[in-house]
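Inspection log for the structure reproduced underneath, given as structure tokens.
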Amino acid sequence: IMKNLKAVFWDLDGTIADTEMEGHRIAFNRSFASFKLNWNWDYKIYKKLLSVSGGKNRIRHYSREINVDLDYEQISSIHKLKQTHYTQIVKEGKIPIRTGVKRLVQSLSSLNVKQLIVTTSGLEAVNSMKKYVFDKADIFFDGFVTYEDVHFTKPNPEAYLLALRKLSVDKHDCIVIEDSLIGLK
């Protein structure tokens, strides 16, 4: 570990757990069915859509791509129901923590390294993971930065700049653990 390491910022989806393919993707598809949209985001489509940050943005992008006109209210309704489906999937225990994450979080914690989840997912999704996955696995974070905390999603650095301010740490004393090009940028 770095000599001056004071904080680690964790991305959530795809990094801590495979929430993207085994959680969000399935929840989107359930929501689409409820809204009578003949959409099915299989692995290939969803992997491509991961280049778009944020669930509402993904719905908007996809609808434009296939020439389906959805307004902001429709997109918000689809996304809100998707969040409900996602919470249910998490509650059912279908999203395991990735190998090594628990050990690393606990090791960093024992060294008094602060840890935040920095994600463009919403607070509801983070709270579901906290309640049904993290607490049961006995891993704890010092807080979260979510979609609701920022005006711009990744790759904009706003979420990480807020994380630095929340913990009052210098950017040279922390690392980021990400799994996507959007997060890396």
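The values are calculated or read from the model by the stated rules, or taken from the named source; none is laboratory data. Since the structure is predicted, the reported quantities are computational estimates derived from the model, not experimental observations. Reconstructed Cβ throughout: ideal geometry from the backbone, glycine too, with neighbour counts over all protein chains shown. All accessible areas refer to the heavy atoms of the entire protein, side chains included, with ligands and DNA or RNA removed. Shrake-Rupley method; radii C 1.70, N 1.55, O 1.52, S 1.80 Å.
Around the amide H of Val118, modelled in the peptide plane, lie the amide H atoms of Trp10, Asp11, Leu12, Val145, all under 5 Å away and 5 or more residues distant in sequence or on another chain.
With N set to the number of residues, divide the alpha-carbon radius of gyration of the stretch 82-173 by 2.2 N^0.38 Å and report two decimals. Please report the intermediate quantities before stating the final value.
Values: Rg = 14.0 Å, N = 92, 2.2 N^0.38 = 12.3 Å.
Normalised Cα radius of gyration, the stretch 82-173: 1.14.
Once both labels are positioned 7 Å from their Cα atoms along Cα-to-Cβ, the gap between Ile45 and Asn4 label points is 4.9 nm.
Compare Ile89, Ile45 by solvent-accessible area with a 1.4 Å probe and give them largest first, with all protein chains kept in place.
Values: Ile89 5, Ile45 55 Å².
Result, largest first: Ile45, Ile89.
Between Glu73 and Leu161, what is the FRET efficiency for a Förster distance of 41 Å, r being their Cβ-Cβ separation, to the nearest 0.05?
On the way: r = 31 Å, r/R0 = 0.75.
That pair, Glu73 with Leu161, gives E of 0.85.
For the stretch 19-130, the equivalent ellipsoid derived from the Cα gyration tensor has semi-axes of 30, 14, 13 Å, listed largest first. Taking the chain as a Gaussian network of alpha-carbon nodes connected by springs under 10 Å, the highest mean-square fluctuation of the residues Ile175, Ile66, Ile78 belongs to Ile66. The residue list Pro96, Tyr160, His61 was ranked by how far each Cα lies along the charge dipole of the chain toward its positive end, using unit charges on Cβ atoms, and Pro96 comes out on top.
Would you calculate, for the chain, the mean residue ellipticity at 222 nm contributed by helices, counting each DSSP H stretch of 4 or more residues as -39,500 (n - 2.57) and dividing by all residues, to the nearest 500? Walk me through the numbers before you get to the answer.
Working: 8 runs with 79 residues, N = 185.
The helix-only estimate for the chain comes to -12500 deg cm²/dmol at 222 nm.
Spatial offset of the stretch 1-33 relative to the stretch 102-176 amounts to 11 Å, using the alpha carbon center of each.
Each Cα pair under 8 Å and six or more residues apart adds its separation to the average, and for the stretch 4-112 the resulting relative contact order is 38 percent.
Probing with 1.4 Å while keeping every protein chain in the model, the per residue accessible area of the stretch 69-185 equals 58 Å². Using heavy atoms of the protein chains and a probe of 1.4 Å, the accessible area assigned to Ser77 is about 50 Å². Cross-link reach is defined here as a Cα-Cα straight distance under 20 Å, omitting same-chain residues fewer than 8 places apart; for Lys154 the lysines meeting it are Lys47, Lys48, Lys56, Lys166, Lys171, Lys185.
The value of relative contact order for the chain, using C-alpha pairs under 8 Å at least six residues apart, is 35 percent.
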